[in-house]
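See below for the structure under consideration.
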Amino acid sequence: MQYLGIEYQMKHAPKLDQGFIPFGVWREAYLKGATQPVAIALERDKGRVSVHHTKIYGTAEMAEADYRYLERYVKFLLWSTGGFRVSICGCSELAKRLQQAYTPEGERAFDFTFVNQLYERDLEILDLPLDACPEANEVAESIGGYMDGCRIGFDAGGSDRKVSAVIDGECVYSEEVIWFPKLNDDPDYHFGHIVEAMKTAASKMPRVDAIGVSSAGTFIGNAPMVASLFIKVPRSNWDKVKTIYDRAAAEIDPNVPILVANDGDVSALAGAMGLGKGNLMGIAMGTSEAVGYVDEDQNVLGWINELAFAPVDLQATAMQDEWSTDYGVGCKYFSQDAVIKLAPWAGIEIPEELSLAEKLKFVQKLMEADDERAIAVFETIGAYLAYTTVLYSQFYNIEYMMLLGRVMSGKGGDTILRVCNEILEDEYPELYKKCLVTLPDEKMRRVGQSVAAASLPKVK
C-alpha cells in the first residue's frame, strides 16, 4: 500500500472500509526514510511544555508528504497534550505553512478557535531554529481514588446521563437517563437534568459528603471551557456553562466538595481502580470517543486527551466530523457515530426517526441475533482499534487499555475486542505482549465512569 510516496503494510484492512489509511502505521513507514531532525514544543497552562523530536525528509519531491506528516502530527499533539503556543523547530518552510493553516481563516480555523476558548488566548505557531527548542516541563497530578463516606458520581454523556450513589466504595444505586444536551441551547435545560440526577442519588443515601463529575469537555478547574455537550449554547451565555456543575452541587449542599474531570480521565481512573494498575489508557466509546490516561503511579499527565478530534485515518474520503469539520478523526471511528456510519455500508437500513442512541441499539440488537451485517460493523471497528492502538502507543506508554461505553456492550464489544487483539497478535506481536486490551465486566462497562467519578473529591 502507498500514500504520498510512502509504502506501508496493513494485512487486515477494515472489512467495511478498505481505504482506511492508519496514521500510526503510515507514520512508522514514513519515519524509516526521514533524516532531517525537527522538534515540536507545545506550551500549555501552568507553564507546562511537551517536546517531541522527530524527522522529516526535507526534499522537494517529499514536500507534500513532509507537510502532511507534520500537520497531522501537530494536530494530534494539540488534541492530546493541548497547548496555546506551538514551536516548530528546524524547518521554517513547514512552520510558515502551519502558521497559515492555524488562523481564523485557515484550514485549521476550528482548532484555532478551540484553543482560544480553552485557554482564552490565541494559538501561536512559532518558527524557531532547532537549537532554540524550548525545554520540556511535564508535571503529573494525582486524581481521585477516594472511597470514604457517602458520594455522588455523575457522568454526563452526550446521549444519556448516569449517576451513582456510593457509600464507602459500594455502589448502592445507579441509573441511566436519556437526555439531549447537544440539541438544547438553553443551559437551564442541562442544569435541570444535572440537579435532578444529583438529587436522585442523594435520596438514596443518609447524607452527601462529596460529589464527583465525569463530563465530556476540557476544563479549567470545574469550569467547562469547551464541551460538545453544550455545543448549541451560544458563547454569550457561556458564563452559565462555566459555573453549571458548581451551581448544581450547591443545590445539594453548598458546603460539599465537588470535583469535575474530563470523562476520558475518569474512564482511565475507572480502569486503574478496577485493575489496581497504572500505565493505563481508558477509552469510552459512547456518543463520542472519550480517552484518558494514567501513568505508572496512576497520576494524570495534565494533558487534555481529547483524542476524539485527533487524526487516526489519512484517507481523503474519510468521514467529516460535523463539529470540528476535520476528516478522519477519532470520534467517527470509536463511538456510536462509527456504528451508524458503518451500518449502511454493511447493508443495514436504520429508521431515520430514531435518536442516535436508539440507532446504536438497533444495530446492537441485530448483533445479539448474530446478524452477519452487524458482525461486519463491529469487526470493522475492531480493526480500526487495532491500528489506532499502534498510533496511541507512539505517544502514550500503554500497558493496559480498558474499553468502556455503550458501544462496548454485549456481543458487539466482545467482537471489537477479539478482532483488535487478533490483528495486534498477528502484525504487532511485541505491542500485543506489552499492551493488554481488555474489557471490564458488563456493569462496569456502562456505569463504571459514574462510580469512579464519585471517588474524585477528597472529603474535607
Query - Nearest 10 degrees, 0 to 90: helix 442-454 Cα axis against the chain principal axis - result: 80
Report summary line: Relative to the chain, whose Cα atoms define the longest principal axis, helix 109-119 and its Cα axis are tilted in degrees, nearest 10, by 50
Query raised in the report: So how strong a dipole does the chain carry about its Cα centre when Lys and Arg Cβ are +1 and Asp and Glu Cβ are -1, to the nearest 20 debye?
Result: 460
Query raised in the report: What's the extension gain from ASN137 to THR243 if we count 0.36 nm per residue and subtract their Cα-Cα distance?
Result: 35.2 nm
Report task. Would you check segment 78-227 for Lys pairs whose C-alpha atoms are within less than 23 Å, ignoring same-chain pairs closer than 8 in sequence, and give me the count? Result -> 4
Query raised in the report: Listing TRP179, TRP238, TRP79 from the residue with the fewest other Cβ atoms within 10 Å to the one with the most, what is the order?
Result: TRP238, TRP179, TRP79
Query raised in the report: Could you give the nm distance between label points at GLN117 and GLN18, where each point is 7 Å from its Cα heading toward the beta carbon?
Result: 3.9
Query raised in the report: What's the long-distance tail for the chain, i.e. % of Cα pairs beyond 41 Å?
Result: 14
Query raised in the report: Which whole-number percent is the relative contact order of segment 140-460 (Cα, under 8 Å, 6+ apart)?
Result: 22
Report task. Measure nothing but the geometry: give the 0 to 90° angle between the long axis through the Cα atoms of 187-202 and the longest principal axis through the Cα atoms of the chain, rounded to 10°. Result -> 60
Query - Label-zone membership for segment 286-328, site GLN394, 7 angstrom Cα→C-beta point, backbone N under 20 Å - result: 291-293, 304-319, 326-328
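None of the figures in this text is laboratory data; all of them are computed from the coordinates on show. Computed from a predicted model, the values in this text were never measured in an experiment. Every residue, glycine among them, receives a Cβ derived from its backbone with ideal geometry; neighbour counts consider all protein chains shown.
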